[in-house]
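Here the structure comes first, spelled out in structure tokens, and everything after it is commentary.
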Amino acid sequence: MSAEPIASVSDGDEEVIELVIPPRPDVVSVARLVVGAAVAMDPAFDEERSADLRLAASEACTNAIEAQLARRTGHDDSRSIILRCSLGRERIVMTVQDHGGGFDPDALVAHPEVTDPARLDHEDGLGIPLIRLLSDELEFRDSPGGTTVVMTFGPRPTTGRIG
Amino acid sequence: MDFRLEVSERDAWSIVAVSGEIDVATSPRFRERLIELISTGNHRIVVDLRWVDFIDSTGLGVLIGALKRLRSHEGELRLVIDDPRVLKIFDITGLDQVFEIDSVLDTAAP
């Protein structure tokens, strides 16, 4: 496993946990473990909400890794992905920064209704809608060479549905 | 990462018992095994997810692909899920309306 050591720093009322991972599918499970451990530091977040954050982390890291591997521009392929969890008062901000060359969330095409047989033509594309549903706020920021996904979570578990 | 697949037969059904975590790292093996089963004529499949700790959209995509392939052969795909944490992702994506989901294997593969 080549995920780099986890950094944890306190900044006033905020604890920041950072994990630097290579763009490889097998490290997504490590990202989930780290997020689970970070969420456990705030007792306001129960096990169900922790599962929401682990799922969002999995989706965001998967997108970051796939974007970077798809880009295949030589030296950029191996640049690290940075996952950060900032724990505030009953509020967790999770960011995933990649070097995947940028991403346009408005270019996402909505899936057909689940009752439409054409829904089965779409195996991909659920990651961003899931993150949008699981988080309380979602923002995509341009960052050098790629995108930083900024997800903010309160302690209440998601109960809604996509669509 | 903990991930295992075991295939068994039960009357007309092929039972695919999955354990561990289904994500971008393990989904390729899951997809390959299901495609192999379908392409060798197994068109009634139960995927038993009772020992799965985690599944994300990558795993859902594998199941959507398998369902599409099976329907093109007039086959069937049923899922067994008894963990509310696993069931939740099917619920919030609306895919609980797409898949036939049972909580016990005996109901899924009678």
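Results, tabulated for the structure shown:
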{"quantity": "Spin-label pair A:E113/B:S39, simplified geometry with 7 Å Cα→Cβ offset, distance in nm", "calculated": "3.6 nm"}
{"quantity": "Rounded to the nearest 20 debye, dipole of the stretch B:23-110 from Cβ charges on Lys, Arg, Asp, Glu", "calculated": "320 debye"}
{"quantity": "Exercise: per-residue mean of other protein chain Cβ atoms within 10 Å, B:31-37", "calculated": "0"}
{"quantity": "Averaged over B:91-100, number of beta-carbon atoms from partner chains that fall within 10 Å", "calculated": "5"}
{"quantity": "Test item: A:130-140 mean partner chain Cβ contacts at 10 Å", "calculated": "1"}
{"quantity": "11 Å beta-carbon shell around B:I55, net charge (K/R +1, D/E -1)", "calculated": "-3"}
{"quantity": "For chain A, convex hull volume per residue from C-alpha positions, Å³", "calculated": "121 Å³"}
{"quantity": "Amide N proximity, the stretch B:58-81 versus A:H122 label position 7 Å along Cα-to-Cβ, cut-off under 13 Å", "calculated": "B:61"}
{"quantity": "Volume per residue of the C-alpha convex hull in chain B, rounded to whole Å³", "calculated": "87 Å³"}
{"quantity": "Computed FRET value (nearest 0.05) for B:D91 with A:L33, which takes r as the C-beta separation and R₀ as 22 Å", "calculated": "0.35"}
{"quantity": "Sites A:I6 and B:S19 - FRET efficiency at Förster radius 41 Å, r taken between beta-carbons, to 0.05", "calculated": "0.90"}
{"quantity": "Alpha carbon convex hull of the stretch A:92-163, volume per residue in cubic angstrom", "calculated": "95 Å³"}
{"quantity": "Loop-located GluC sites (Glu not before Pro) in the stretch B:32-78 whose Cβ has at most 11 other Cβ within 10 Å (DSSP)", "calculated": "B:E74"}
{"quantity": "Long-range amide H partners of B:I55 with built H, under 5 Å", "calculated": "B:I22"}
{"quantity": "Calculated FRET efficiency for the pair B:V7/B:D53, C-beta based, R₀ 25 Å, to 0.05", "calculated": "0.80"}
{"quantity": "Under the Karplus curve 6.51 cos²θ - 1.76 cosθ + 1.60, θ = phi - 60°, whole-Hz ³J(HN,Hα) for the stretch B:64-72, x wherever Gly or Pro sits", "calculated": "4, x, 5, 4, 4, 4, 5, 5, 5"}
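Any read-out appearing in this document is the output of simple, stated calculations on the displayed coordinates, not a laboratory observation. Note that this is a predicted model, so its numbers are computed, not measured. Reconstructed Cβ throughout: ideal geometry from the backbone, glycine too, with neighbour counts over all protein chains shown.
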